[in-house]
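Worksheet: the structure to be examined is printed underneath.
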Amino acid sequence: MQIDRIAEPWGTRTPYGPGEDWPTRVDTHLTDGVAAEDVDRWVQSATILHSNGDGLDIAVKDGEIVGVRGRAEDRVNHGRLGPKDLFGWQANKSPDRLTKPLIRRNGELVETDWDTAMDAVAGRAKELLAEQGPSAISFYTTGQLFLEEYYTLGLIAHGGIGTNHVDGNTRLCTATAAAALKESFGCDGQPGSYTDIDHADVIALFGHNMAETQTVLWTRVLDRLAGPNPPQVICVDPRETPVARAATVHLAPRPGTNVMLMNALLHEVIANGWVDEEYVQAHAVGFAELQQRVADYPPELAAQICDVPVEQIREAARIVGTAERLMSSVLQGFYQSHQATAAAVQVNNLHIIRGMLGKPGCGLLQMNGQPTAQNTRECGADGDLPAFRNWSNEQHVKDLAKVWNLDPMQIPHWSPPTHAMEMFRYAEEGSIRFMWVQATNPAVSLPELGRIREVLAQERLFLVVQDIFLSETAQLADVVLPAATWGEKTGTFTNVDRTVHISDKAVEPPGEARPDLDIFIDFSRRMDLQDKDGQPLVKWSTPEEAFEGWKECTRGRPCDYTGLSYEKLRGGSGIQWPCNEENPDGTEHIYVDGQFWSAPDYCESYGRDLVTGAPVSPVEYKALNPTGKAVLKAVEYLPPHEVVSQDFPFQLITGRTLYHFHTRTKTARAPQLQKAAPEVWVELSASDAADRGFTEGDLLEISTPRGRVEARLRISGIRPGVAFLPFHYGYWDEPSGHEPDGKRGRAANELTLTDWDPASKQPIFKTAAARVERLEKSTGQPSAAPTTTASRPVSGDVPPTVGGPAASATEELTTVSGGTR
Amino acid sequence: MKLGLAIEELHRSENHLARALLAASDRHKTDHEVFYVARDIARWSQDHVQALAAIGADYGVELDAEPEDDPGMLAGLRQKAAEAVGRRPEPGMLMLADLRHIHREAAGVSLDWELLAQAAQGAKQKKLLELAQRCHPETLRQMRWANGKLKASSTQVLVS
């Protein structure tokens, strides 16, 4: 069956009932003129333009990628792929790919050879180490490399250079996921499993527009909704997302009030006696304090602060409070908002007090946004120590030093790792003088871009950018290193439900582009980084050797990979960690029977104060949680830091759309995706538009004290008083290159404020006060926002988003009842 | 009984702590976490000031319920000054000094609450004891914040 997968992002329904296997549907897209039988080779991999980790095969013909096909045998997707996966691979062969290293000479970036480029990088690093020490050196990485690369990077940065300044752009996307799990369970690692969707009777999505961020996972939910005994869906989102439209109850709170709402939900659950007291008694600490805290948050108060009808809060509380198998997921609506960790932790609290953990259907996912973000966190490339070791536990540091054959003193652990926002602050005041950015684009993705551009452009900062395109950030670099990407190198990565996939090399990288792993190892050799016996610090030169090194590092830790190998990952489905001798086929549910990884001598973190961010001391933690239970953390609601005023009457939130990923470096180079969402837009509600006499397609200026953006208006189902801007659009495909041309830009982050959650250090993108004014009346042309998603227009005059013949994909449905597996 | 005196002293020291937090916040506007968190937790001290004024009446002391505040102009001036030197390394040392000061102030307030709680217990003053039990943990959190922030920031300031 041929389907336009731009017009039908979730494809055809394959309904199923609770406890049944999700039917298989194999999705394929091949480039025009190539049929499946023409393909030379199918090379195993998984998806990389979101965090879902769908197994796929890359089609290769004449040494080029010609398409993709979902893997029927994969536990994650049962053959399905999303629009970004079906079309996004075309970016690999874009003529814009970087094919040679670049170096700045007389103010201009010019082509050079690898030796010159790497000598410049290593030379500057050596100079600064001699002059200032490791505090001058920083690494800002991503959620899009492979496990082997992060682990090697972490080893080089922590063990070799000895710097504390290592973080990833995961700080912007999943730092709160990790922080919330550490607060409640003492350790990162997702309690849930995607199969929980097959069993759940209630699915609650907190600030998670799953329909657009994880299209295949949402397809699974849609198939449950279309089948017998469908689950009830709770949606918390200020926008009318596809999730909201499918929800039994849609709560659309004022941005910045999530903790108030969550405390009220918990208030109701406790007041109505929906607590699993036996479970709480046996497996949790902190219930009395939680009970006392949420007593002050009756639904009436939350209704007022959040501006949500009180009946809706009660109804939502009843549904989650009486669910038999509750599955929850949390994402950016909580993570990028005011009191991020505090709000996400309340979802954990809901699952703990209801005893909804470690059983089929009782999944809790603190969702990721990027394909390999879980590995950034596991491997220590986000600044944490590898394999969930605790930086404030001397024993863990010693143990790691043994794995790396180093003196423990060499591994920085005097204070928490420097988070990304702090690194930019140190660069701003001049104490960080070397920053190596990999596969991420801070000149578009960080808040308050005017400031970020100034920091990155400083003469005194040596900026290295390793990427596959000349991004806005790369344009500001001193050295640009061309990297190979997915399909051009081998490695593994892990999705949000702990499923590890292998991604094999299918084709050669263009020109002189190199795998990131090779670049790191080259750097280490040029720096002559050694272990304590004078041997090379990095003891591997291939991805598989790096993976074997990583396995040893994880032995006995929660994310135990020792039972996995490249061989085992090839041929079948992805496998969930922990995978070791006891669990050779991986582990679907962790935290079974209330067994947590939170014992003081084992846990990854002792936690932080959710308001001040102050780390909890080992002594305090031991007193609080001596026997390794789940920790219920109560927290008060604080008003947001930037509130609306007469001058700035709108609350501005930023976000994403189904068809693009990050700063569009790949998705804008896939014609079907770019055509579906070609330019920036701004969303307002019908009532706000009517009050001001605005109509669909009017050109508006959106401004905050930080900057101005212009965008065409889409009148959508967003809650009144809120303006939404997608954050994907920067300047690389505009004449100006890396910054606004003239006084108004199009990057949403021109407007956002520099503020972050004190516990997770995740920047806040969803609580700024803004002004909206009309620049130009529409001549009847609507805005170019997609109609299939949360930006669906309220008026019927907008032509629907379609992809046409170019966006056609094949679906092969399995009709055998009960599924094939 | 000298409980009134103890309440008066706490009222003074909490006011002082709130002002120290707000002044540090303004002085380090370019250090965004200090700027926002110091403001958030200054509110705790201001709330304590109000509660102390309310209960003070029962012990014969008349206290201002309105927390003392800096004139807005001074705050604005400090923020502007912070922005002017935001690209220079010197404010780092000043921040360490400010955090150290806050830690000491908060430690003093914490001791004051401890004394008041003990006295309230000794004199069987239930309401006063409850107030101390509600407020004192927040003082400890203010102290731990200053300590944690010092620990996280000092290395970079001192070794660079």
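The values are calculated or read from the model by the stated rules, or taken from the named source; none is laboratory data. Treat the numbers as computed from the prediction; the structure is a model and nothing was measured. Note that we place each Cβ from the backbone using ideal geometry, even for glycine, and neighbour counts take in every protein chain shown. To get the accessible areas, we keep the full protein, side chains included, count just its heavy atoms, and leave off ligands, DNA and RNA. Shrake-Rupley method; radii C 1.70, N 1.55, O 1.52, S 1.80 Å.
For segment B:3-159, the solvent-accessible area of protein heavy atoms averages 47 Å² per residue (probe radius 1.4 Å; ligands and nucleic acids excluded). Counting only DSSP beta bridges whose two residues both lie in the protein assembly as shown, roughly 55 percent are antiparallel. Rg over Rh of segment A:437-509, using C-alpha atoms and the Kirkwood radius, what does it come to? Across segment A:437-509, the Cα-based Rg/Rh ratio is 1.10.
Evaluated with a Cβ-only charge set (Lys, Arg +1; Asp, Glu -1), segment B:3-159 carries a dipole of roughly 680 debye about its Cα centre, given to the nearest 20.
Out of every Cα-Cα pair that segment A:619-728 contains, those further apart than 20 angstrom amount to 57 percent.
Buried accessible area between A and B (1.4 Å probe, both chains summed, ligands and nucleic acids excluded), in Å² to the nearest 100? Chains A and B together bury approximately 2700 Å². Pairwise Cα distances in segment A:650-790 exceed 22 Å for 37 percent of all pairs.
The peptide list A:489-495, B:44-50, A:31-37, A:642-648, put in order of mean Cβ contacts within 10 Å with the highest first, becomes A:489-495, B:44-50, A:642-648, A:31-37. A:Glu696 sits with roughly 40 Å² accessible to a 1.4 Å probe, with DNA, RNA and ligands left out of the calculation. Segment A:185-329 gives an Rg/Rh value of 0.96, both radii derived from C-alpha positions and Rh following Kirkwood.
Farthest towards the positive end of the charge dipole of the protein assembly as shown, among the residues A:Ala180, A:Leu301, B:Ala20, is the Cα of B:Ala20, using unit charges on the Cβ of Lys, Arg, Asp and Glu. Expressed as a whole percent, the proportion of Cα-Cα pairs in segment A:359-414 lying more than 15 Å apart is 56%.
For segment B:3-159, the share of alpha carbon pairs falling in successive 10 Å distance bins from zero is 11, 39, 29, 15, 5, 0 percent.
Across the cross-link table entries A:Lys398/B:Lys151; A:Lys359/A:Lys633; A:Lys539/A:Lys622; B:Lys29/B:Lys151; A:Lys126/B:Lys80; A:Lys84/A:Lys505, which are compared at the Cα atoms, the separations over 30 Å belong to A:Lys539/A:Lys622; A:Lys126/B:Lys80. Excluding same-chain neighbours fewer than eight residues apart, the lysines reachable from A:Lys743 by a Cα-Cα span under 22 Å are A:Lys777. One quarter of the convex hull surface built on the alpha carbon atoms of segment B:12-99 amounts to 5.7 nm², the projected area averaged over directions.
Computed over every Cα-Cα pair of segment A:284-372 and binned at 10 Å starting from 0, the pair-distance distribution P(r) comes out as 14, 41, 39, 6, 0 percent.
Were the residues from A:Gln395 through A:Glu636 laid out at 0.36 nm apart, the gain over their Cα-Cα distance would be 83.3 nm. Diffusion coefficient of chain A by Stokes-Einstein, Kirkwood radius over Cα pairs, 10 °C, 1.306 mPa s: 60 µm²/s.
Using alpha-carbon positions, what is the distance between the centroids of segment A:435-486 and segment A:25-97, in Å? A separation of 29 Å, based on Cα centres. Accessible surface calculations at 1.4 Å, restricted to protein heavy atoms, place chain A at 30 Å² per residue.
Remark on segment A:452-576: ratio of C-alpha radius of gyration to 2.2 N^0.38 Å is 1.27. The apolar share of the surface of chain A, taken as the fraction of accessible area on carbon and sulfur atoms (1.4 Å probe, ligands and nucleic acids excluded), comes to 48 percent. Ordered from longest to shortest, the equivalent ellipsoid semi-axes for segment B:93-160 are 33, 9, 6 Å, each the square root of 5 times a Cα gyration tensor eigenvalue. In whole angstrom, segment A:23-143 maps to an equivalent ellipsoid with semi-axes of 41, 20, 11, each derived as √(5λ) from the alpha carbon gyration tensor and ordered largest first. Please give the residues from segment A:397-415 for which the solvent-accessible area of heavy atoms, probe 1.4 Å, is smaller by at least 40 Å² with all protein chains in place than with the chain isolated. Hits at the 40 Å² cut-off: A:Trp414. Pairs spanning more than 19 Å between alpha-carbon atoms, out of B:Lys2/B:Lys127; A:Lys182/A:Lys402; A:Lys489/A:Lys666: A:Lys182/A:Lys402.
Note that segment A:608-660, at 4 °C in a medium of 1.567 mPa s, gets a Stokes-Einstein diffusion coefficient of 83 µm²/s from its Kirkwood radius over C-alpha pairs.
A viscosity of 1.567 mPa s and a temperature of 4 °C, combined with the Kirkwood radius over Cα pairs in Stokes-Einstein, give a translational diffusion coefficient for segment A:248-326 of 100 µm²/s. The eigenvalues of the Cα gyration tensor, multiplied by 5 and square-rooted, give segment A:91-215 an equivalent ellipsoid with semi-axes of 39, 22, 12 Å from largest to smallest. Shape analysis of segment A:2-93 yields a ratio of the Cα radius of gyration to the Kirkwood radius, Rg/Rh, of 0.97.
Put a plus charge on the Cβ of each Lys and Arg, a minus charge on the Cβ of each Asp and Glu, and nothing anywhere else: the dipole of chain A about its Cα centre is then about 820 debye.
Shown here for segment A:666-763: trypsin sites (Lys or Arg not before Pro) in loop regions (DSSP other than H, G, I, E, B) with at most 15 other Cβ atoms within 10 Å, namely A:Lys743. Angle between the Cα long axis of helix B:91-122 and the longest principal axis of chain B, 0 to 90 degrees, nearest 10? Compared with the principal axis, the helix lies near 10 degrees. Between segment B:103-129 and segment B:3-28, how far is it from one alpha carbon centroid to the other, in angstrom? Answer, in whole Å: 15.
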